[in-house]
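Structure, as structure tokens:
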Amino acid sequence: MDGQARILVVDDEKGIREGCRRILAAEGYVVDVAENGSTGLELVKANSYDLLIIDLMMPGMGGLEMMSHVREIDPEMIMVVITGFATIETAVDAIKHGAYDYIPKPFTPDSLIAVVNRGLETRRLRLETKRLKEERDQKLLELASEKSKMHAIINSMADGVLVVNRENQLVLWNPALIRMLNLNGQIEVGKNIEEIITDEGLLNVIKKAYAPDSSNYTSITEEIELPSPEAKTIMVNVSVIRDDETNQELGLVATLRDITRLKELDKLKSQFVAMVTHELRAPVSAIEGYLTAFLTGAAGSDPKMYKQMMERARQRARSLLDLINDLLEYSRLEAKSPVRKKELLDISGIIINTVELLKGQSGSKDLKFEIDVPDSLPLIEADKREMEQLLTNLISNAIKYNVKNGKVMVRARPNKHFLNIIVADTGIGIDAECLPHIFDEFYRVSCPETRYTTGTGLGLSIVKKIVESHFGRIEVESTPYKGTTFTVKLPIKQKK
Ligand code: ADP
């Protein structure tokens, strides 16, 4: 109701109509008049009035009928009834039909103005109330949608979230927290956290955040170990929630992140570095020892002795070089997208050439080599260099871990979808308990038979990586003192 109020006077008596118009216009109101109910109703539909003054007794559409139509159009409309015979019944009837008040005829200008002013004030209040209600409804709607948005976000977080009030009662949490702490079915709003959380470590971090000397910092981050059955490492961040104005603590919010996998990787990395440095140190210090003995003349004056020492130093240097090459190959395969040149290959030639090349390594063992590879094989899609590396590692192991007069057998057999490459030996074999570890980095079986065999423990892990990057599989069977068989299965790309 901004600006001037607009009033409509509906009365079949011209004197009353015009009288009201004059009095109210003099008060500063905009006044329209109508001589009967239906004309009045048309005006109500076409204009927006703040107050109607309606005569009850009119020919055609009477006052009461008009009022019920007006209420349908604008329920907040203030309607003042003019009545010629002011009885209680007519007044009650009019009020029932939505009249705000009534003025009995004849009336004085002052009584008319008083009723109208009161009515307009009520109209103003009614409109204000309506506006506030609409505003509140809108706010509630916004709040509800904000709330559901916040729930959706918190519920889909991978991190666990826990909100606790100053009395240590649970206020909010998400499914990730329930999963992480295995709290199914126990959690309830208002429960004390000490009833719910049994892990001392987590409770301590929460208590620490509330401790008096923690008032300087806004959040604490600590790692905790959850014992079995959860067996997880969790990074907990606890932030105290404070009132903006009073700075008083209201509660706290804890976020929990499962970093078990990261921790494992970190441990593996440290182990890896420790192993590499250990493996590098041994040959270098041996070479240094031989060189020192040579330079200081500590080994006496026998030239044969010196030659032997230099030979050993060369062997150790070679094994060092092998280790470095294996490490380079390993880190190349570890890279996110190693450079790999895959092509359609018939691997038969590569197998035969590799065996021929490695035969010389058998030394004094007098090994027999059996190659059973068809002249041509179905094509596989592979990197040639990696295939050579794979075969070299498997065949040189079959030689290294063989026994005197033993046999090395290399076969290739295509079946329906895979090409099977089998490298078998009649060597020392591998204990059943060691078998699951042989593809691990730096793993070497330690037994009297392998004591003098040099190696890096990286060969089979490289083989496994190559096989997997070619979408294949590797299997191993072994019997101690009888021999070992490795079967590599690579997908056939094209039959010949
Ligand atoms: P290494 O450099 O020690 O040969 P590998 O990763 O190639 O490393 O092999 C891991 C371990 O598995 C070896 O140290 C050895 O104990 C065992 N191994 C591998 N191949 C054979 C085999 N053909 N016969 C017996 N043991 C083997």
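The values are calculated or read from the model by the stated rules, or taken from the named source; none is laboratory data. Values in this document were obtained by computation on a predicted structure and should not be read as measured data. Reconstructed Cβ throughout: ideal geometry from the backbone, glycine too, with neighbour counts over all protein chains shown. For accessibility, only protein heavy atoms count, side chains too; no ligands or nucleic acids. Shrake-Rupley method; radii C 1.70, N 1.55, O 1.52, S 1.80 Å.
So Lys304 ticks every box in (1) in a helix (DSSP H, G or I); (2) open to solvent by less than 70 Å² (accessible area, probe 1.4 Å) but one. Which box is left unticked?
For Lys304, the exception is condition (2).
Which of the residues belonging to segment 333-372 are within 44 Å of the chain's Cα centre (by Cα), surrounded by fewer than 18 Cβ atoms within 10 Å (Cβ to Cβ) and either at pLDDT 90 or above or acidic (Asp, Glu) (or both)?
Glu334, Lys341, Lys342, Glu343, Leu344 - these are the residues of segment 333-372 that are within 44 Å of the chain's Cα centre (by Cα), surrounded by fewer than 18 Cβ atoms within 10 Å (Cβ to Cβ) and either at pLDDT 90 or above or acidic (Asp, Glu) (or both).
Those residues that are in contact with a Ser or Thr (Cβ under 9 Å, 6 or more places away or on another chain) and within 13 Å of the ligand (Cβ to nearest atom), I need them from segment 326-335; list them, please. Please lay out each step first, then the result.
Applying the first criterion (in contact with a Ser or Thr (Cβ under 9 Å, 6 or more places away or on another chain)) to segment 326-335 yields 326-327, 330, 333.
Across segment 326-335, the qualifying residues are Asp326, Leu327, Tyr330.
With the condition kept exactly as written, say whether any residue in segment 332-340 is closer than 30 Å to Lys496 by Cβ and of a type in the set (A, V, I, L, M, F, W, C). Don't jump to the end; show me each part of the working.
Step one: filter segment 332-340 for residues closer than 30 Å to Lys496 by Cβ, giving 333, 338-340.
Checking the rest, the ones that are also of a type in the set (A, V, I, L, M, F, W, C) come to 333, 339.
Among the residues of segment 332-340, at least one is closer than 30 Å to Lys496 by Cβ and of a type in the set (A, V, I, L, M, F, W, C), which makes the answer yes.
Identify, from the list Lys464, Lys493, the residue that is of a type in the set (D, E, K, R) and modelled with pLDDT of 95 or more.
On the way: Lys493 fails: modelled with pLDDT of 95 or more.
Going through Lys464, Lys493 in turn, the sole match is Lys464.
If I go through segment 128-179 residue by residue, how many of them are farther than 26 Å from Arg242 by Cβ and either of a type in the set (S, T, N, Q) or touching a strand residue (DSSP E or B) at 6+ places or on another chain (Cβ under 7 Å) (or both)?
5
Given the criterion hydrophobic (A, V, I, L, M, F, W, C) and surrounded by fewer than 15 Cβ atoms within 10 Å (Cβ to Cβ), identify the matching residue among Cys434, Cys447. Break it down into steps so the answer makes sense when it comes.
On the way: Cys434 fails: surrounded by fewer than 15 Cβ atoms within 10 Å (Cβ to Cβ).
It is Cys447.
Identify the residue in segment 388-435 that is among the polar types (S, T, N, Q), more than 9 Å from the ligand (Cβ to nearest atom) and within 48 Å of the chain's Cα centre (by Cα) and, among all such residues, is farthest from Ile351 (Cα to Cα). Spell out how you get there, then give the answer.
First pass over segment 388-435, keeping only residues among the polar types (S, T, N, Q): 389, 392-393, 396-397, 402, 405, 415, 420, 426.
Retained after the next criterion (residues that are more than 9 Å from the ligand (Cβ to nearest atom)): 389, 392, 405, 415, 420, 426.
Filter once more, keeping what is within 48 Å of the chain's Cα centre (by Cα): 389, 392, 415, 420.
Details: Gln389: 11, Thr392: 9, Asn415: 18, Asn420: 12 Å.
Applying the filter and picking the extreme gives Asn415.
Going through segment 283-301 one residue at a time, which ones are open to solvent by less than 40 Å² (accessible area, probe 1.4 Å) and either touching a Lys or Arg at 6+ places or on another chain (Cβ under 8 Å) or touching a residue at least 60 places away in the same chain (Cβ under 8 Å) (or both)?
Pro283, Ala286, Ile287
Of the residues that sit in segment 32-75 and are open to solvent by 50 Å² or more (accessible area, probe 1.4 Å) and in contact with a Ser or Thr (Cβ under 9 Å, 6 or more places away or on another chain), which one is nearest to Gln4 (Cα to Cα)?
Looking at the filtered set, the residue picked out is Met57.
Please list, ordered by residue number, the helices (runs of 4 or more DSSP H) wholly in segment 54-171 having 1 or more residues that are under 30 Å from Ala26 (Cβ atoms) and in contact (Cβ under 8 Å) with a residue 40 or more places away in the chain. Explain how you work it out, then say what you get.
On the way: elements: 63-73, 88-96, 109-156.
Passing ranges, in order: 63-73, 109-156.
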